[in-house]
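First the structure, in the form of structure tokens, and then the observations on it.
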């Protein structure tokens with residue numbers, strides 16, 4: 001009986017921490033790649049759990065129009081839906097027009113190249129992973145450089161940074177190599193970008209814990225993909241202790257946890273959050289610390305309101 005009571009208490013704590021949670025990086029569909037949940041299904045599940053907001057991310061298109069339609073026609077759904085743009089080949093890479101359009105339609109995050117990042121294409125050759133639609137439905141990605149030959153930032157990248165600054169959007173590092181991210185973030189701060197986030201330093205981008213600590217000390221957020229740490233995820237590449245080290249390097253106040261889920265053949269974004277919260281509990285973080293990492297830090301990053309008080 002005591003065991004059941006303990007289990008119920010843990011589940012109740014998780015339920016409470018999901019209320020006001022924000023998932024700023026979720027791969028719902030429709031997409032050129034198979035997805036296990038679409039944007040509307042995602043919002044229904046998030047609303048039922050009490051999430052404050054979600055930010056949809058697709059590697060190939062800006063989801064701002066879909067977000068606007070869902071928000072207009074489904075006022076009963078309490079979770080706010082926002083979207084973002086990823087500067088891959090399909091949108092023309094560093095295309096200021098595409099970024100301006102996303103901003104004008106309420107988009108929150110501008111991601112640097114992911115599948116088309118030169119670093120990603122190098123990583124992919126040794127990772128045994130390939131985007132499930134990149135050679136079946138469209139031509140393979142072409143690398144989009146961020147640096148000139150002399151290791152300075154390209155002018156088209158600077159132009160996009162100016163659009164991000166003007167519209168007060170979040171700059172996310174995407175799949176750039178961490179050495180490129182350092183140069184990008186330094187230039188972004190110089191050009192007036194206020195909010196930046198380092199994308200999953202635990203994988204692909206080759207970031208060290210010193211990189212995480214240093215980038216967080218710049219005032220940037222560090223976003224961790226729970227799918228890379230939790231049991232039951234087909235993307236798990238890291239241990240629970242890896243997550244502890246990552247969080248401790250950046251500090252609880254600069255750490256944002258996201259699902260990075262929505263794909264087929266794995267757990268749902270909501271279940272990813274549930275297991276991620278439980279993992280943080282098992283690592284010894286208290287509820288106030290976890291609430292920062294799953295809710296209030298993302299609210300600060302996105303500059304949106306979220307009820308982050310305990311239920």
Over the stretch 55-68, the set of residues over 20 Å from residue 225 (Cβ atoms) and either surrounded by 17 or more Cβ atoms within 10 Å (Cβ to Cβ) or touching a helix residue (DSSP H, G or I) at 6+ places or on another chain (Cβ under 8 Å) (or both) is 61, 62, 64, 66, 67
Query - Hey, residue 52 crowded, with 19+ Cβ neighbours inside 10 Å, within 19 Å of residue 298 (Cα to Cα) and in contact (Cβ under 8 Å) with a residue 60 or more places away in the chain or not - result: yes
Flagged in the stretch 253-266 as surrounded by fewer than 17 Cβ atoms within 10 Å (Cβ to Cβ) and farther than 24 Å from residue 58 by Cα, in numbering order, are 253
Expected single match for in contact with a strand residue (DSSP E or B) (Cβ under 6 Å, 6 or more places away or on another chain), under 29 Å from residue 251 (Cα atoms) and touching a residue at least 24 places away in the same chain (Cβ under 8 Å) among 204, 215 is 215
Contact list, first residue from the stretch 163-187 and at positive phi and surrounded by 20 or more Cβ atoms within 10 Å (Cβ to Cβ), second anywhere and modelled with pLDDT under 95 and in a strand (DSSP E or B), beta-carbon distance below 7 Å, six or more apart or interchain, is none
Cβ pairs under 9 Å, 6+ apart or interchain, first in the stretch 261-275 and in contact (Cβ under 8 Å) with a residue 12 or more places away in the chain and on the phi > 0 side of the Ramachandran plot, second in a helix (DSSP H, G or I) and crowded, with 22+ Cβ neighbours inside 10 Å, ordered by first then second residue, are 262/42; 262/269
Among residues of the stretch 169-191 being part of a loop (DSSP other than H, G, I, E, B) and over 11 Å from the mean Cα position of the chain (by Cα), the residue farthest from residue 152 (Cα to Cα) is 169
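The values are calculated or read from the model by the stated rules, or taken from the named source; none is laboratory data. Model, not experiment: these values are computed from the prediction. Cβ sites come from the backbone with ideal geometry, for glycine too, and all protein chains shown count toward neighbours.
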